[in-house]
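The values are calculated or read from the model by the stated rules, or taken from the named source; none is laboratory data. Worth saying up front: this structure is predicted, and the values here are computed from it rather than measured. Positions of Cβ are generated from backbone atoms using ideal geometry, with glycine treated the same way; all protein chains shown enter the neighbour counts.
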Amino acid sequence: MITGIKEFKQLVKNIEKDFEKNKKNINMDRATQFREFAIDKTRKNNLGLKPISEATVKIQENRHPRMFNSGELLDKIFNKPNADGSVSSGYFPESGKIGKLPAMVIAALQTNGYKIPADINSIKGKRVRGFLATKGIFLNRNTKWLNVPPSPFLFDAARLYEHSDIDIKIVKKWARQIVKKRAKQHV
Amino acid sequence: MFNNFANIIYSGTATESDNTDYSLSGLSKKVTFADLDDTFILDFDAVDISSYEDITLQLSFHPHINTAGTSFLTIAVGSDTYTITKFNSGWNHILIDPAAYNNLSQITFTGKNAGMVMFMDLLGYRKADNSTLDFDIIDSLKNKISLDYDVSTTLAAAITAGTNSISLTDATYIFPNTQLTITDGVNTETVKMLDSSTIVGTFTNSFIAGDTVTANCPVVGEDEIGEDYDPICGLVITAKEAKSLPFVDKSLTGSKVREYTSDLGITLYIETTAKSKVLQLTNEFNFSYGKKFLIILDGEIVQVESSSSAFSDSELGSLPRQAYFYTISPQAVTKSQRIDITDFQIEMESKEWS
């Protein structure tokens with residue numbers, strides 16, 4: 001039982017110390033929840049991103065949400081603890097490739113969008129046209145570029161996550177645990 | 001959807017002039033009401049605006065005169081006169097319900113304080129139209145953003161109208177699909193490069209050797225992204241999320257309950273063949289617009305804030321690109337309307353208790 005203002009102030013101080021001590025764990029928990037939220041929303045196509053084109057459907061031989069083919073890119077999202085106890089979420093490794101490119105590069109391309117050369121007079125364009133032809137896709141002779149629109153899936157997921165109450169619930173859960181533990185000492 | 005009144009002719013006893021020093025759009029009207037009851041009259045092409053949601057305009061007064069409780073300004077719209085008794089400092093967003101105006105051709109301002117100076121900007125009429133709601137934002141961004149590619153040269157040889165050949169003195173940073181503006185001081189023509197010596201289509205005008213050629217970084221929406229300009233500042237809608245955010249908008253006749261019903265995810269990207277130029281344009285964008293900037297959307301000033309930005313280098317034969325990500329709410333839709341009560345009568349009758 002708290003009998004005076006001095007004891008109350010000490011209790012508050014101890015709770016603050018406990019929060020500081022658990023800062024990294026709390027933030028890792030929050031980052032993990034965000035990662036799972038982002039992957040889940042992307043896989044279920046709940047980010048409101050544009051659907052994939054018919055050309056992509058033909059190439060992948062599968063109709064699936066944007067950003068999700070085999071799921072390899074999403075599985076590579078990781079959380080990075082920082083020295084100050086914060087945790088950065090939504091990282092892609094610099095090493096480790098998916099196909100020929102690092103996951104980080106693929107994520108940047110998908111996020112920003114990109115153009116694929118398709119100029120019939122260029123070497124790269126001819127290669128692209130040849131590949132697409134094997135998938136039954138034939139481009140207009142005058143097409144010089146294929147535009148793949150941006151898909152900022154992580155930023156959209158972060159926005160949705162911010163509007164949800166998941167983060168608040170995690171912080172409240174930790175707060176209850178910490179306060180309950182300290183409160184027991186004063187019973 | 002926002003429309004200007006067409007072919008406005010200004011008259012009246014107040015003095016009016018165009019002003020660029022103090023405005024929201026870059027050009028406002030400065031009106032000096034030197035004497036009491038001086039008028040500022042706007043005559044325009046008659047228009048039926050009864051199906052629209054608001055007449056909208058922005059007004060600012062200098063010096064600021066607090067005359068609470070007394071008439072400050074009257075605005076006559078059609079057969080109605082609205083009396084303004086007070087204003088806040090800075091710009092005041094004025095809304096007038098247009099339901100009664102199926103043939104409006106004049107608006108008159110009458111000053112009620114001698115010596116008053118009024119600035120007016122963004123006068124028009126608007127409504128939330130499902131077909132234009134989202135692309136109005138793209139248009140607003142296109143009107144706001146301007147980037148200087150900083151590449152100029154001259155014609156190395158004359159151009160004859162009807163031909164498609166072009167020869168430049170210096171073609172550094174000019175690529176296939178670069179948009180060029182050529183001018184001789186009298187005629188100006190904008191063309192797109194097909195390759196290093198030919199344009200898409202043919203020239204409308206003739207030019208001589210030595211005429212100025214400027215390479216542009218056009219700001220385009222999705223309808224023009226297929227032009228594949230190089231460089232390009234592209235605006236793409238990438239996501240649309242439903243939401244419900246109601247609020248009350250006060251007008252001169254009452255109030256309207258409005259609601260933001262969606263958020264639009266927009267990506268703005270800067271792209272060109274030369275990485276150094278992408279970085280230069282990015283630096284200019286960051287300096288001129290930064291993380292937050294203001295746009296004019298349907299007669300209102302709206303703040304736009306980038307949630308993040310990312311750079312992707314040249315891979316897979318693609319071009320280097322810097323992208324910025326925004327979430328912007330389209331114009332709110334009107335859910336219901338309340339009209340101020342001006343007369344309220346209660347009839348009472350006494351009765352005996354039984």
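Selection over the stretch A:92-151 of residues that are on the phi > 0 side of the Ramachandran plot and more than 9 Å from chain B (Cβ to nearest Cβ) gives a count of 3. Per the listing B:L123, B:L180, B:L147, the residue uniquely in contact (Cβ under 8 Å) with a residue 24 or more places away in the chain, part of a loop (DSSP other than H, G, I, E, B), away from every other protein chain (no Cβ under 14 Å) and buried (at least 18 other Cβ atoms within 10 Å of the Cβ) is B:L147. Total residues in the stretch B:311-323 satisfying the condition of being under 23 Å from A:R129 (Cα atoms), surrounded by fewer than 21 Cβ atoms within 10 Å (Cβ to Cβ) and more than 7 Å from chain A (Cβ to nearest Cβ): the figure is 2. Considering only residues that are in contact (Cβ under 8 Å) with a residue 40 or more places away in the chain and part of a strand (DSSP E or B), look in the stretch B:295-310 and name the one that is nearest to the other protein chains (Cβ to nearest Cβ). Out of the qualifying residues, it is B:V304.
Residue count for the stretch B:5-26 satisfying the condition of being in a strand (DSSP E or B) and touching a residue at least 60 places away in the same chain (Cβ under 8 Å): 1. Close Cβ contacts (under 6 Å, 6 or more residues apart or on different chains) running from residues in the stretch A:154-176 that are within 12 Å of chain B (Cβ to nearest Cβ) and surrounded by 19 or more Cβ atoms within 10 Å (Cβ to Cβ) to residues that are of a type in the set (K, R) and in a helix (DSSP H, G or I) comprise A:A157/A:K41. Restricting attention to the stretch B:1-28, the residues that are crowded, with 19+ Cβ neighbours inside 10 Å and under 22 Å from B:Y52 (Cβ atoms) total 2. The criterion of being over 27 Å from B:L297 (Cβ atoms) and either at pLDDT 90 or above or assigned to a loop (DSSP other than H, G, I, E, B) (or both) holds for B:T70. Can you tell me which residue is surrounded by the fewest Cβ atoms within 10 Å (Cβ to Cβ) among those in the stretch B:200-247 that are charged (D, E, K, R) and within 30 Å of A:A158 (Cα to Cα)? Per the criteria, the residue is B:D223. Screening A:I39, A:I26, A:I52, A:I59 for residues that are surrounded by 15 or more Cβ atoms within 10 Å (Cβ to Cβ) and over 22 Å from the mean Cα position of the chain (by Cα) leaves exactly one candidate, A:I59. For the condition touching an Asp or Glu at 6+ places or on another chain (Cβ under 9 Å) and within 14 Å of chain A (Cβ to nearest Cβ), B:V333 does not qualify.
No other residue among A:N14, A:N27, A:N22 is in contact (Cβ under 8 Å) with a residue 40 or more places away in the chain, under 30 Å from A:R182 (Cα atoms) and touching a Gly at 6+ places or on another chain (Cβ under 8 Å) apart from A:N27. Just one of the listed residues (A:K172, A:K97, A:K124) is in contact with a Gly (Cβ under 7 Å, 6 or more places away or on another chain) and either at pLDDT below 85 or of a type in the set (K, R) (or both), namely A:K124.
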